[in-house]
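What follows is a set of notes on a single structure, which appears directly below.
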Amino acid sequence: MTTEGHVAALERRHQELDRQIQTEMQSTRYDDLTVSALKRKKLEVKDELYKYTSGTQ
């Protein structure tokens with residue numbers, strides 16, 4: 001996979017995690033642990049994205 005392809009995949013994953021977080025937070029059965037886990041994954045993806053994008057600029 002090319003770097004651009006990997007970055008695009010990471011961006012899609014980041015957006016998907018954001019949607020999952022929003023859905024979970026709007027749920028009547030809101031689960032703090034689930035939201036925390038999703039936010040942690042989203043941050044990991046963001047950190048990886050930063051590694052790829054900061055190195056190419």
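Dividing the summed -39500 (n - 2.57) terms of all DSSP H runs of n ≥ 4 by the residue count of the chain sets its mean residue ellipticity at 222 nm at -29500 deg cm²/dmol. Across the accessible surface of the chain, with the other protein chains kept in place and a 1.4 Å probe, carbon and sulfur atoms take up 49 percent. The mean accessible area for residues of the chain, using a 1.4 Å probe and ignoring ligands and nucleic acids, is 80 Å² per residue.
Taking the C-alpha atoms only, the angle from helix 3-26 to the longest principal axis of the chain is near 10 degrees.
Checking every one of the chymotrypsin sites (Phe, Trp or Tyr not before Pro) in the chain against DSSP loop status and a limit of 10 other Cβ atoms within 10 Å picks out 30. For residue 21, neighbours were defined as the other residues whose beta-carbon sits under 13 Å from its Cβ, and their charges (Lys and Arg +1, Asp and Glu -1) total +2. Temperature 4 °C, viscosity 1.567 mPa s: under these conditions the Stokes-Einstein estimate for the chain, based on its Kirkwood radius over C-alpha pairs, is 107 µm² per second. Counting only protein chain heavy atoms and rolling a 1.4 Å probe, the accessible areas of 16, 24 rank, largest first, as 16, 24.
The values are calculated or read from the model by the stated rules, or taken from the named source; none is laboratory data. Predicted model only: the values in this text are computed from it and were never measured. Glycine also receives a Cβ, built like all others from the backbone with ideal geometry; neighbour counts cover every protein chain displayed. When the accessible area is computed, the model is the full protein with side chains, heavy atoms only, and any ligands, DNA or RNA have been set aside. Shrake-Rupley method; radii C 1.70, N 1.55, O 1.52, S 1.80 Å.
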